[in-house]
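Novice: Here you go, one structure.
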Amino acid sequence: MGLFNVTRPASFLLTGIPGVESSHPWLAGPLCAMYAVALVGNAVVLQAVRTEPSLHAPMYYFLSMLSFSDMAMSVATLPTVLRTFCFNARNIAFDACLIQMFLIHCFSMMESGILLTMSFDRYVAICDPLRYATVLTNKVISGMGVAVTARSVITLFPFPFLIKRLPICRSNVLSHSYCLHPDMMKLACADITINSIYGLFVLVSTFGVDLLFIFVSYVLILQSVLAIASREERFKALNTCVSHILAVLAFYVPMIGVSTVHRFGKHIPRYVHVLMSNIYLFVPPVLNPLIYSAKTKEIRRAIVSRFHRLRM
């Protein structure tokens, strides 16, 4: 018998928000609006960085990576979410579910890595500004982008195979309107210890380590800023970090909330779990372009200039 010759359903059934199925068509409107903001907002940021010479700098290259990751995350979840809420089309093929699971986890991990590289950018800019241009060269930035992508792909490559080896015979109903590894492995009628241990290892060794280094970088940044004599200069230095801090909070706070609810909130209604998971996936792609457009005057100026040229 082959390694993957096990019992499994031909397809899974996705789930919207339990208990409010009759309201799903009404929820489709806000969901479409969120997807529109995420896709259009991040596309505008990418276009602004690509076409505006003043934005050809390390900080904005990292921002374009973040925008690409957010767009990819939205595209990966959009088909099944809108099919579930708009048309009550809940079926998804087994292999398609595996692909979506891999893409969602992959782009989520990429976003965490990009936020880490952005914290390094802020650390060098504030703590060692004279070497900023020599440290963060285009070659180094490209290497960091490749490393973040390679880490995500290599680390998560085993996930589909860890699922395919499991016999799934309890049910074929998933808890969300998209596919996730923890959700799929819980349907197995076999020992899932390997899946659980590897999933925890991935969570701690990537997201956990990224968050730790982001925290350390801001401790060092704060020490450097407090050593500046001028209050105005201190405020100016910290102000360059506000957008990144808000992006980190928008990404990690929902993630920590989801992990806490899943681990300790077993008696909490299931719709709370679903809402928290949706917030974790949808909030960062929607908020990031708004945060950077509102808090970064160079981005705002480039966007306004771009629309002005399009109207002429």
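The values are calculated or read from the model by the stated rules, or taken from the named source; none is laboratory data. Since this is a predicted model, take the numbers as computed values, not measurements. Here Cβ is always computed from backbone atoms with ideal geometry, including for glycine, and neighbour counts include all displayed protein chains. These area figures cover heavy atoms from the full protein model, side chains too; ligands, DNA and RNA do not enter into them. Shrake-Rupley method; radii C 1.70, N 1.55, O 1.52, S 1.80 Å.
Novice: Given H placed on each backbone N at 1.01 Å, which residues far from residue 8 in sequence or on other chains put an amide H within less than 5 Å of it?
Specialist: Those lying under 5 Å, H to H, from residue 8 are 168.
Novice: Over region 153-312, what is the mean sequence separation of C-alpha contacts under 8 Å (at least six apart), divided by residue count, expressed as relative contact order in percent?
Specialist: 16 percent
Novice: I've got another one for you. Report relative contact order for region 10-137 in percent, whole number only (criteria: Cα-Cα under 8 Å, sequence separation at least 6).
Specialist: Details: 102 pairs, mean separation 44.4, N = 128.
Relative contact order for region 10-137 comes out at 35 percent.
Novice: Whenever you get a sec, compute what percent of the accessible area on region 9-89 sits on carbon and sulfur atoms (1.4 Å probe).
Specialist: 74 percent
Novice: So if I take the centroid of the Cα atoms in region 145-166 and the same for region 236-291, what is the distance between those two points in Å?
Specialist: 23 Å
Novice: Next question, about the same structure. Taking the full set of protein chains and a 1.4 angstrom probe, give the accessible area of residue 95 in square angstrom, rounded to the nearest 10.
Specialist: 90 Å²
Novice: For every helix of n ≥ 4 consecutive DSSP H residues, a contribution of -39,500 (n - 2.57) applies; sum these over the chain, divide by its total residues, and give [θ] at 222 nm rounded to the nearest 500 deg cm²/dmol.
Specialist: Calculated from helices alone, the mean residue ellipticity at 222 nm is -24500 deg cm²/dmol.
Novice: Positive end of the dipole of the chain, charges at C-beta (+1 Lys, Arg; -1 Asp, Glu), about the Cα centre: which of 7, 220, 82 has its Cα farthest in that direction?
Specialist: Going by the Cα projections, it comes out as 82.
Novice: When the Karplus curve 6.51 cos²θ - 1.76 cosθ + 1.60 is applied with θ = phi - 60°, which whole-Hz ³J(HN,Hα) does each residue of region 99-111 get, with x for Gly and Pro?
Specialist: Coupling constants for region 99-111: 5, 5, 4, 4, 5, 4, 5, 5, 5, 5, 5, 4, 5 Hz.
Novice: According to a simple spin-label model (label point 7 Å from Cα along Cα-to-Cβ), what is the distance in nm between residue 271 and residue 224?
Specialist: With each label point 7 Å from Cα toward Cβ, the separation is 4.8 nm.
Novice: Net charge around residue 104, counting only other residues with Cβ within less than 12 Å of its Cβ (Lys, Arg = +1; Asp, Glu = -1)?
Specialist: Here the charged neighbours net out to -2.
Novice: Which Cα, out of 238, 145, 102, lies furthest along the positive dipole direction of the chain (beta carbon charges, K/R +1, D/E -1)?
Specialist: It is 238, whose Cα lies furthest towards the positive end.
Novice: Continuing with this model, one more query. If you work out mean projected area of the Cα convex hull in nm² from the coordinates, which of (1) 18.9; (2) 17.9; (3) 20.3 do you get?
Specialist: Of the listed options (1) 18.9; (2) 17.9; (3) 20.3, (1) comes from this structure.
Novice: Once phi is turned into ³J(HN,Hα) by the Karplus curve 6.51 cos²θ - 1.76 cosθ + 1.60 with θ = phi - 60°, what whole-Hz value does each residue of region 188-199 show in order, with x for glycine and proline?
Specialist: 6, 9, 7, 5, 10, 4, 4, 4, 5, 5, 5, x
Novice: Once phi is turned into ³J(HN,Hα) by the Karplus curve 6.51 cos²θ - 1.76 cosθ + 1.60 with θ = phi - 60°, what whole-Hz value does each residue of region 27-43 show in order, with x for glycine and proline?
Specialist: Along region 27-43, the couplings run 6, 4, x, x, 5, 4, 5, 5, 5, 4, 4, 5, 6, 5, x, 5, 5 Hz.
Novice: Give me the 1.4 Å probe accessible area per residue for the chain, excluding ligands and nucleic acids, in Å².
Specialist: That works out to 51 Å² for each residue.
Novice: Still on this structure: How many percent of the accessible area of region 93-196 is carbon or sulfur, using a 1.4 Å probe? Provide the component values of the computation, followed by the final result.
Specialist: Numbers: 3020 of 4350 Å².
Answer for region 93-196 is 69 percent, counting heavy atoms of protein chains only.
Novice: Show which aspartates and glutamates lie in cross-link reach of residue 297 when reach means a straight Cα distance below 15 angstrom and same-chain residues fewer than eight apart are skipped.
Specialist: Counting by Cα, and skipping residues close in sequence, residue 297 has these aspartates and glutamates nearby: 52.
Novice: What's the angle, to the nearest 10 degrees (0 to 90), between helix 270-295's Cα axis and the longest principal axis of the chain?
Specialist: 20 degrees
Novice: How far, in degrees from 0 to 90, does helix 297-311 lean away from the longest principal axis of the Cα atoms of the chain, to the nearest 10?
Specialist: With both axes taken from Cα atoms, the answer is about 80 degrees.
Novice: What does the charge count near residue 165 come to, summing +1 for each Lys or Arg and -1 for each Asp or Glu among other residues with Cβ under 11 Å from its Cβ?
Specialist: So the surrounding residues net to +1.
Novice: Would you work out the charge dipole size for the chain about its Cα centre, treating the Cβ of every Lys and Arg as +1 and the Cβ of every Asp and Glu as -1, and quote it to the nearest 20 debye? Could the numbers behind the result be given before it?
Specialist: Details: 25 positive and 13 negative charges, 63 e Å.
Dipole magnitude for the chain comes out near 300 debye.
Novice: Follow-up question, since we're still on this one. Take the alpha-carbon centre of region 198-218, take the same for region 72-129, and report the distance between them in whole Å.
Specialist: About 17 Å separates the Cα centre of region 198-218 from the one of region 72-129.
Novice: For the chain, calculate the relative contact order in percent as a whole number, restricting contacts to Cα pairs under 8 Å that are 6 or more residues apart.
Specialist: That works out to 29 percent.
Novice: Any chance you could give the angle, 0 to 90 degrees and rounded to 10, that helix 138-156 forms with the longest Cα principal axis of the chain?
Specialist: 20 degrees
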